[in-house]
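First up is the structure itself, then whatever we jot down about it.
The values are calculated or read from the model by the stated rules, or taken from the named source; none is laboratory data. Remember, it's a predicted structure, so these values are computed and weren't measured experimentally. Virtual Cβ from ideal backbone geometry, glycine too; neighbours counted across all protein chains shown.
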C-alpha cells in the first residue's frame, strides 16, 4: 500500500493527529483516470489553500457508474501509484459513492477545492464545509484538457 493511501477507517485518527499539530487540511477529489496537466494545475493550486492536501479518488466501480463500462482506463491501484508520486498530494482515500460527501464529512477540511468546470452550487460537500466556517474554492482549469478529450485524441489518431 502506497504510504499516502489512507483507508476510510483510519481517517479519524489521522485528522486528530493533524489537528493536534495545527495543520490545515484542503480536500479535492476526482476520477484522475489519465493524469494530465489540468490535474497537476488543480493539485498545485489546491495545495496553496492549506498545509495538507487530501485527495479523494473515485473507485473503479464508482467511475464505471459515472463514465460508463469502458472506464476507468487506469485501474484504482495504478491511479494510486501515480498520484502518490505527485508532491502536492499528502494523503489519498478511495470512495465508492458517486460523490465524496461521506469522505468530506470524515475529513472536515478547512478548504474544499474543485476545478472551475464545477459551478460552486454543484460541488459535493459545499454546504457541509461552509456550515462550520470552511471555504470552497474553484481553480481555473486549462482549456480543452480532460481525460475524455485525451481518450478521443488517442482514438482519432489510432
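Numbers below:
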item	result
Enumeration of residues in the stretch 129-158 that are modelled with pLDDT of 95 or more, in contact with a strand residue (DSSP E or B) (Cβ under 9 Å, 6 or more places away or on another chain) and surrounded by fewer than 16 Cβ atoms within 10 Å (Cβ to Cβ)	130, 135
Inter-residue pairs, beta-carbon under 9 Å, first assigned to a loop (DSSP other than H, G, I, E, B) and in the stretch 99-120, second at pLDDT below 90 and surrounded by fewer than 19 Cβ atoms within 10 Å (Cβ to Cβ), 6+ apart	116/140; 117/146
Those residues of the stretch 46-77 which are assigned to a helix (DSSP H, G or I) and over 26 Å from residue 23 (Cα atoms), in sequence order	60, 61, 62, 63, 64, 65, 66, 67, 76, 77
Hits in the stretch 73-88 - residues which are in contact with a strand residue (DSSP E or B) (Cβ under 8 Å, 6 or more places away or on another chain) and either buried (at least 19 other Cβ atoms within 10 Å of the Cβ) or farther than 12 Å from residue 5 by Cβ (or both)	79, 80, 83, 88
Check on residue 66, over 12 Å from the mean Cα position of the chain (by Cα), surrounded by fewer than 14 Cβ atoms within 10 Å (Cβ to Cβ) and under 26 Å from residue 105 (Cβ atoms)	yes
Residue within the stretch 38-54 that is without any contact (Cβ under 8 Å) to a residue 12 or more places away in the chain, more than 22 Å from residue 138 (Cβ to Cβ) and more than 12 Å from the chain's Cα centre (by Cα) present	no
Unmet requirement for residue 80, which otherwise passes all of (1) at negative phi; (2) assigned to a loop (DSSP other than H, G, I, E, B)	(2)
Residue selected from the stretch 9-39 under the condition part of a helix (DSSP H, G or I) and surrounded by 14 or more Cβ atoms within 10 Å (Cβ to Cβ), by the criterion modelled with the lowest pLDDT	38
